[in-house]
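Reviewing the structure listed below.
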Amino acid sequence: MNSAARTNPSARAPVAAMRRFDAARLRALVLKESLQAIRDPSTLLIAFVLPTVLLFLFAYAVSLDVSKVRIGVVLESPSASAHTLAAAFTGTRYLDVTLAHDRRDVAEEIVSGRLRGFVVIPQDFERRLNGRSGQPLVQVITDGSQPNTANYVANYAQGVVQTWRAGLGADVPSTAVALNPRYWFNAELESRRSLVPGAIAIVMTIIGTMLTALVVAREWERGTMEAVLSTPASVVEILIGKLLPYFALGMLSTLGAAALAVFVFDVPLRGSLAALLLLSAVFMVPALGQGLLISSVTRNQFLAAQIALFSGFLPAFMLSGFLYEIDAMPAPIRAITWLIPARYFVSSLKTVFLAGDVWAAFVPNLLAMGVIGALLFLLAKRATRKNLEA
């Protein structure tokens, strides 16, 4: 090798890339990257403090449960049965009821946003109750500017009326069929039990994609990456040595998040810890591969952070089924979700926490995450070699 090759990293890169794999060199690279990660406060902050903050936010600040919804009950009928129905509305813990005798009073409250709907118990309530008018017992009006809450108010109001009517006795006409709903996996219908497992996927995406992209891009900016690439280590050794410490950080963060979910947020772990760790380990492959690919292409921290945000965090947040049902999305968006690793991870996490070890559901998700991860690593390796030869 000539003198130019000895001093120019680009000239030595093809030779380094073709070197045989050496376990001793890999151990040295892993030790170097581990020490560098431990000495970097920002890395530890992202790996351990940020996940804890996010989990608390998703567990307590973000809630899909509807409780204490403010509604009005307009009592136009003076009959005793109308008063007992109004008492049935005020007695439920899911509604915050404001009583009125004129619907114009509560209508203004809905316009101002202080109420989400109101129920009118009409003057001819007794006649309707005896089935002589053929009209509904009550009128339910809701604020359609919040569709989910509006549906909840309408459905719950109907449920209160049906329950109250069923308790009057057999002499009052009622529905022929009584429904007793039973909810599997989350009998209390607490949104926290669905949100916290999904939040673990968001945390893993941040650690795997954003943290890796930022750290490796910073090394490209400072020139230390070129120094490492000029060593006798092969490209594969360098990439694995870079990613193994962050893989370990991700797994430690997963264990911490799972402990918080079970012991602090009261989310049951009905599956095994081994299944949870296997799912997390496989998900880290596409997450780390995506972060490495972003850093190899951009070689700039600011640009890497922006791309990681738009291609990693936001798709995992919006298109993984974490908050929004994938089946309710338009067909083109549903097709895009098949390319997002977090889609498979969120589904698997909800299964392992709430249902148990259902391998018929795990295996397809593991295969999908593995294939996407392998593809991202191949692209990252190719981009790194192009940088070496540039």
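Each value in this text was obtained by applying a stated rule to the coordinates, not by laboratory testing. Model, not experiment: these values are computed from the prediction. Neighbour counts run over all protein chains shown; Cβ positions are idealised from the backbone, glycine included.
Note on region 317-388 and region 60-109: Cα centroid distance 44 Å, given to the nearest whole angstrom. The C-alpha atoms of the chain define a longest principal axis, and helix 192-205 lies at about 20 degrees to it. Ordering of 101-112, 254-265 by packing is 254-265, 101-112, highest average first (other Cβ atoms within 10 Å, averaged per residue). Descending by average beta-carbon neighbour count within 10 Å, the peptides 270-283, 78-91 line up as 270-283, 78-91, the highest first.
Checking every one of the chymotrypsin sites (Phe, Trp or Tyr not before Pro) in region 179-243 against DSSP loop status and a limit of 16 other Cβ atoms within 10 Å picks out Tyr183, Trp184, Phe185. For region 69-166, the share of DSSP beta bridges that are antiparallel, to the nearest 5, is 30%. When the Gaussian network model of the chain links Cα atoms closer than 10 Å, the mean-square fluctuations of Glu33, Glu190, Glu126 top out at Glu126.
Cross-link partners of Lys381 among lysines, defined as those whose alpha carbon lies under 26 angstrom from its own and excluding same-chain residues fewer than eight positions apart: Lys32, Lys242. I'm spelling it out carefully: the read-out is volume of the Cα convex hull per residue in Å³, the candidates are [x] 174; [y] 313; [z] 152, and one was derived from this structure. Which label? Label of the calculated value: [x]. Using Cα atoms only, what is the angle between the long axis of helix 23-39 and the major principal axis of the chain, expressed in degrees (0 to 90) to the nearest 10? Computed tilt is about 50 degrees.
Springs join every pair of Cα atoms under 10 Å in this Gaussian network model of the chain, and among Phe377, Phe362, Phe118 the largest mean-square fluctuation is at Phe118.
Farthest toward the positive end of the dipole of the chain, out of Phe313, Gly91, Ala154, is the Cα of Phe313, where the dipole comes from beta carbon charges about the Cα centre.
Can you tell me the dipole magnitude for the chain around its Cα centre, using point charges on the Cβ only (Lys, Arg +1; Asp, Glu -1), in Debye to the nearest 20?
Values: 34 positive and 25 negative charges, 311 e Å.
So the dipole magnitude of the chain works out to roughly 1500 debye.
Ranking Val106, Tyr324, Gly271 by Cα position along the charge dipole of the chain, where only Lys, Arg, Asp and Glu carry charges on their C-beta atoms, puts Gly271 farthest toward the positive end. Can you give me the angle between helix 103-112 and the longest principal axis of the chain, using Cα atoms only, in degrees from 0 to 90, rounded to the nearest 10? The angle comes out at about 10 degrees.
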